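Novice: Can you keep this structure in mind? I'll have questions shortly.
The values are calculated or read from the model by the stated rules, or taken from the named source; none is laboratory data. None of the values given here were measured: they were computed from a predicted structure. Don't worry about glycine lacking a Cβ; one is built from the backbone with ideal geometry, like all the others, and counts go over all protein chains shown.
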Amino acid sequence: MQKNDYNLKKMIPRERYYNRIRPFIRKPVIKVITGIRRCGKSTFLKLISQSLQQEGVPADQILLINKDSLAFDFIKNYRDLDHYVKESLLETSGKAYLFIDEIQEIDGWEKAVAGFLTDQTADLYITGSNSTMLSSDLATYISGRYIEFPMYPLVFSEFLKFRKAKDPGKREEEFSLFMKYGGFPGIHHMENDDEVIRQYISALYHTILLKDVVSRNAIRDIPLLEKVSRFTANNCGNITSSKRIADYLKSQKLSGSVDTILNYLGMLSSAYLFFKVNRFDIKGKRLLEIHEKYYPGDIGLKNLLTGFQPEAISGQLENIVYLELLSRGYSVDIGKLYDTEVDFIAKRGDQQTYIQVAYLLADQRTIDREFGSLEKIPDNHPKLVLSMDRLPMGERNGIQWKYLIDFLLEQE
């Protein structure tokens, strides 16, 4: 049994996620935490362990397996996992708690986990960095017996906590850093230096690309994959399609079939490097199968792939708001109504909100465009315009106008 000494005093809680998972602690379901590598899943497992110990659970009843650590490299498949867990918990008298980090690295892991649940071996918590881990044929072993908790890189309010930035007068300065560096928690262990942080994010990106995309899918044309990735990041906030990417590659004297590019986009999305956002026909009340958008899984990744582009700030702001909405537990679509587009339709339970994101509403024409799309929607769901104007007008025809930073820092 590994000693669970995690130096937890230095860890900053992710309350948003802990509040969601807390009602399921000790319940007979598998808690599955998913998200891009290095978004904080490993630390989150340790924080749950800490909370259990604070409630009186002895450390020897808690077993943590981290497949990113060479210490657990010997666990190759579900038989290895089953043997190690049962041997480790053999002398445990009370209720055991089992945490397995990056479980997709274990071949056939679902078989062992399903057995642990059936045999009531332990209260189970697992993490994974690929969305297909719960859609494979093997996942039928745990179908209906797990609850998924998506986790994302830091949003702006969390970024401020990690930076210990409490001065309201410096929020714009901090937001500029957030737009440049993004939300990977690991950057807060680095020097506050552009090149140092760029190198860290670059190493992380290539690790994800190689481990979670190339190796997992046996991709041979890595240069083509990277070009697709860069084009998609550069097109943040715009309609993206595999045909459009194929046409671009052709213009660059490069080849890539529409089907291959479509597959690559799916693989990049499965690794959470990008999120595909579907369009929703507001009038017809149906999802559309074409003209979707892709947003990078972190704004720091976007800047790595395209360079920091002040002229592309509108797309960056959309990206930040999109990830904020996901972090708050919303499902998000793009809205289409006749010939107009609504940036986001955010849904959570019975709540639905329409959101437009703009950089600055500098003139009446811009104001009319942003508010006009929302004014055409014939229902009474809340409607919101977000911009970086410091003194927004408040509302127009029942549509709220908010300072974007204030929105990001709202208490839920």
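Novice: When you scan segment 299-322, do you find a residue that is surrounded by 14 or more Cβ atoms within 10 Å (Cβ to Cβ), out of contact with any strand residue (DSSP E or B) (no Cβ under 6 Å at 6 or more places or on another chain) and among the aromatic types (Phe, Trp, Tyr), even just one?
Specialist: Yes: segment 299-322 contains one or more residues that are surrounded by 14 or more Cβ atoms within 10 Å (Cβ to Cβ), out of contact with any strand residue (DSSP E or B) (no Cβ under 6 Å at 6 or more places or on another chain) and among the aromatic types (Phe, Trp, Tyr).
Novice: Please work out if Leu262 is in contact (Cβ under 8 Å) with a residue 12 or more places away in the chain and touching a Phe, Trp or Tyr at 6+ places or on another chain (Cβ under 7 Å).
Specialist: Here the answer is no, as Leu262 does not meet what is asked.
So that you can scan it fast, the table gives a plain yes or no per residue for (1) more than 23 Å from Phe308 (Cα to Cα); (2) surrounded by fewer than 18 Cβ atoms within 10 Å (Cβ to Cβ); (3) at pLDDT 95 or above:
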position: Lys227; (1), (2), (3): no, no, yes
position: Phe231; (1), (2), (3): no, no, yes
position: Leu254; (1), (2), (3): yes, yes, no
position: Asp259; (1), (2), (3): yes, yes, yes
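Novice: Within segment 115-134, count every residue that is in contact with a Ser or Thr (Cβ under 9 Å, 6 or more places away or on another chain) and more than 28 Å from Ile201 (Cα to Cα).
Specialist: Final tally of qualifying residues: 2.
Novice: If you go through segment 388-412 one residue at a time, how many are over 23 Å from the mean Cα position of the chain (by Cα) and either surrounded by 14 or more Cβ atoms within 10 Å (Cβ to Cβ) or part of a strand (DSSP E or B) (or both)?
Specialist: 10
Novice: Sticking with this one: All but one of (1) at pLDDT below 95; (2) farther than 23 Å from Ser327 by Cα; (3) crowded, with 19+ Cβ neighbours inside 10 Å hold for Phe72, so report the exception by its number.
Specialist: The one condition Phe72 does not meet is (1).
Novice: Given the conditions (1) surrounded by fewer than 19 Cβ atoms within 10 Å (Cβ to Cβ); (2) on the phi < 0 side of the Ramachandran plot; (3) not hydrophobic (A, V, I, L, M, F, W, C), report the number of the one that Ser129 does not fulfil.
Specialist: Only one criterion is unmet by Ser129, namely (1).
Novice: If you don't mind, there's one more thing I want to ask. For the subset of segment 55-69 comprising residues that are within 29 Å of the chain's Cα centre (by Cα) and farther than 14 Å from Leu98 by Cα, which member is modelled with the lowest pLDDT?
Specialist: For segment 55-69, the residue satisfying everything is Asp68.
Novice: Can I ask one more? If you go through segment 161-184, how many residues are within 23 Å of the chain's Cα centre (by Cα) and touching a residue at least 24 places away in the same chain (Cβ under 8 Å)?
Specialist: 11
Novice: If you take the residues of segment 261-292 that are touching a Ser or Thr at 6+ places or on another chain (Cβ under 9 Å) and under 14 Å from Asp343 (Cα atoms), which of them is modelled with the lowest pLDDT?
Specialist: By that ranking, first place goes to His291.
Novice: Further, regarding this structure: Which one of Leu337, Leu374 is in the same structural domain as Glu226 (by TED's automatic domain parsing) and at pLDDT 95 or above?
Specialist: From the options Leu337, Leu374, the qualifying one is Leu374.
Novice: Something else about it: Quick one: would you say Tyr295 is closer than 18 Å to Tyr205 by Cα, of a type outside the set (Lys, Arg), in the same structural domain as Met388 (by TED's automatic domain parsing) and in contact (Cβ under 8 Å) with a residue 12 or more places away in the chain?
Specialist: When the stated conditions are applied, Tyr295 passes them.
Novice: Where in segment 234-342 are the helices (runs of 4 or more DSSP H), entirely inside, with at least 2 residues that are within 21 Å of the chain's Cα centre (by Cα)?
Specialist: Once the helices (runs of 4 or more DSSP H) in segment 234-342 are filtered for at least 2 residues that are within 21 Å of the chain's Cα centre (by Cα), what remains is 258-270, 299-306, 313-327.
Novice: Have a look at Arg26, Arg38 and point out the one that is surrounded by fewer than 16 Cβ atoms within 10 Å (Cβ to Cβ), on the phi > 0 side of the Ramachandran plot and either charged (D, E, K, R) or at pLDDT below 95 (or both).
Specialist: Matching residue, one of Arg26, Arg38: Arg26.
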